[in-house]
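These notes are about the structure you will find just below.
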Amino acid sequence: MFNDIGPLELVTIVVLAVLVFGPDKLPKVIQDVMRTVRKIREFSESAKHDIRAELGPEFKDFEFEDLNPKTFIRKQLDNDELGLKEIRNGFDIKKEMAEVTEAVHGRDTDSSSSSSSSSSSSSSSSGGRIDMTKKPEEPGTDDRPPFDFDAT
């Protein structure tokens, strides 16, 4: 509950409590706070029990912690029924990248040899490489940008 409170902060809170309530009333204040925390926990547990009873037997495995999105996603990804572990273990990124690199180099040598034999002027202007950068199209003089009715 108080995971982010350090020892220095805890000592500061205790000293402030002693100064504010005094050493005579401090034990009674601590008892009142603990009684309130206990009642809140009991109320929470009874509410959980009532909700489980109202949901019925088909939701007997329902956990309120599953309502937290992080817990829900972690639980679903760790589920063996989906077969995600086999997919994760079967995917080798280094192997895939090596295959892509070989394919690119294989096409590059094939295309440069075929382009040099077919036309020497095109290979000299491009240097035997294919330009894979996407160039923006020039808009026509009559073309207008699309009008978005929702944006106005």
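Read the figures in this text as sums done on the coordinates, not as results from a lab. Note that the structure is a prediction, hence the values are computed from the model and not measured. A quick note on method: Cβ atoms are made from the backbone with ideal geometry, for glycine too, and the neighbour counts reach across all protein chains shown.
Couple of notes before you dig in:
- Modelled spin labels at residue 105 and residue 46, positioned 7 Å past Cα toward Cβ, are 7.4 nm from each other.
- Distance in nm between pseudo-label sites at residue 96 and residue 11 (7 Å out along the Cβ direction from Cα): 5.4 nm
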